[in-house]
């Protein structure tokens, strides 16, 4: 799949404001600061389409991007550590849960995990939740450029041990910096939106 056009559609802070245009959606989920916005920018070839930051918790709404005029990328707020009050994190959690439960157009979730740290307890919670609601997912190990190849192999072994179902889904090793895994991920996404 190739991305020919990408534009920010809108940010949503309440589940009642979710778009209802019938277009397929691919959501991006993962811990705060795992690289969701950087990954979206890399996939679309647009440096600043999704806002990036070194500060966890920058994405505070569900952000919708129209891709090729045919489907949406959906950037979900990160979960886990973020320098925001607990009540705000809880609100994000409720918003994400409402979106994942109600989005009839949701075709798959790109499930981002930081290759440097392996699956954390809150990653496994999201995995269990996705399995419970039967949402297909594409596991992606981000920030691969920050690890030597031997450490990438260790990260994949850790994934097989801690979350064998993720490992069975053929995780994609990805780097927004070097574009490693970009076309592989685009092709996997394409299978869900074509």
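The values are calculated or read from the model by the stated rules, or taken from the named source; none is laboratory data. All of these numbers come straight from a predicted model, not from anything done at the bench. With ideal geometry, Cβ positions are generated from the backbone for all residues, glycine too; neighbour counts draw on all protein chains shown.
Residue check: residue 129 meets all listed conditions (1) under 29 Å from residue 47 (Cα atoms); (2) surrounded by 13 or more Cβ atoms within 10 Å (Cβ to Cβ); (3) without any contact (Cβ under 8 Å) to a residue 40 or more places away in the chain but one, namely (1).
Consider the stretch 146-164. How many of its residues are in a helix (DSSP H, G or I) and within 18 Å of residue 31 (Cβ to Cβ)?
As a first pass, look at the stretch 146-164 and keep what is in a helix (DSSP H, G or I): 146, 149-162, 164.
Subsequent filtering for residues that are within 18 Å of residue 31 (Cβ to Cβ) retains 146, 155, 158-159, 162.
Selection size over the stretch 146-164: 5.
Considering 191, 103, 163, 168, the condition of being closer than 30 Å to residue 22 by Cβ and over 16 Å from the mean Cα position of the chain (by Cα) is satisfied by 191 alone. Within the stretch 100-125, restricting attention to residues that are at pLDDT below 85 and assigned to a helix (DSSP H, G or I), the residue that is surrounded by the most Cβ atoms within 10 Å (Cβ to Cβ) is 100. Being buried (at least 19 other Cβ atoms within 10 Å of the Cβ) and modelled with pLDDT under 95 is the requirement here; does residue 95 meet it? Here the answer is yes, as residue 95 does meet what is asked.
Among the numbered conditions (1) surrounded by fewer than 18 Cβ atoms within 10 Å (Cβ to Cβ); (2) touching a helix residue (DSSP H, G or I) at 6+ places or on another chain (Cβ under 6 Å), the only one that residue 136 does not meet is (2).
Take the residues in the stretch 62-92 that are in a loop (DSSP other than H, G, I, E, B) and crowded, with 16+ Cβ neighbours inside 10 Å, then tell me which one is modelled with the lowest pLDDT. Reasoning before the result, please.
Residues of the stretch 62-92 in a loop (DSSP other than H, G, I, E, B): 68-70, 76-78, 80-85.
Now drop any that are not crowded, with 16+ Cβ neighbours inside 10 Å, which leaves 76-78, 80, 82, 84.
Numbers: 76: 89, 77: 83, 78: 78, 80: 62, 82: 48, 84: 51.
Among those that are in a loop (DSSP other than H, G, I, E, B) and crowded, with 16+ Cβ neighbours inside 10 Å, it is 82.
In the stretch 23-46, the condition of being modelled with pLDDT of 95 or more, in contact with a helix residue (DSSP H, G or I) (Cβ under 8 Å, 6 or more places away or on another chain) and in a loop (DSSP other than H, G, I, E, B) is met by at least one residue. A count restricted to the stretch 1-18 and to residues that are in contact (Cβ under 8 Å) with a residue 12 or more places away in the chain and more than 15 Å from residue 193 (Cβ to Cβ) stands at 10. Considering the stretch 165-190 alone, what residues qualify as being touching a residue at least 40 places away in the same chain (Cβ under 8 Å) and part of a helix (DSSP H, G or I)? Of everything in the stretch 165-190, those that are touching a residue at least 40 places away in the same chain (Cβ under 8 Å) and part of a helix (DSSP H, G or I) turn out to be 166, 182, 185, 186, 187, 188, 189, 190.
Considering only residues in the stretch 132-145 that are closer than 21 Å to residue 24 by Cβ and outside any strand (DSSP E or B), the one that is modelled with the highest pLDDT turns out to be 136. For the condition surrounded by fewer than 20 Cβ atoms within 10 Å (Cβ to Cβ), at pLDDT below 90 and within 14 Å of the chain's Cα centre (by Cα), residue 59 does not qualify.
Output the residues belonging to the stretch 10-22 that are outside any loop (DSSP other than H, G, I, E, B) and over 11 Å from residue 62 (Cβ atoms). Step through it out loud before you land on a result.
Let us first name the residues in the stretch 10-22 that are outside any loop (DSSP other than H, G, I, E, B), namely 10-12, 15-17.
Result: 16, single match.
Residue by residue through the stretch 132-162, note down the ones that are farther than 14 Å from residue 174 by Cα and in contact with a strand residue (DSSP E or B) (Cβ under 9 Å, 6 or more places away or on another chain). Within the stretch 132-162, 135, 136, 137, 159 meet the criteria.
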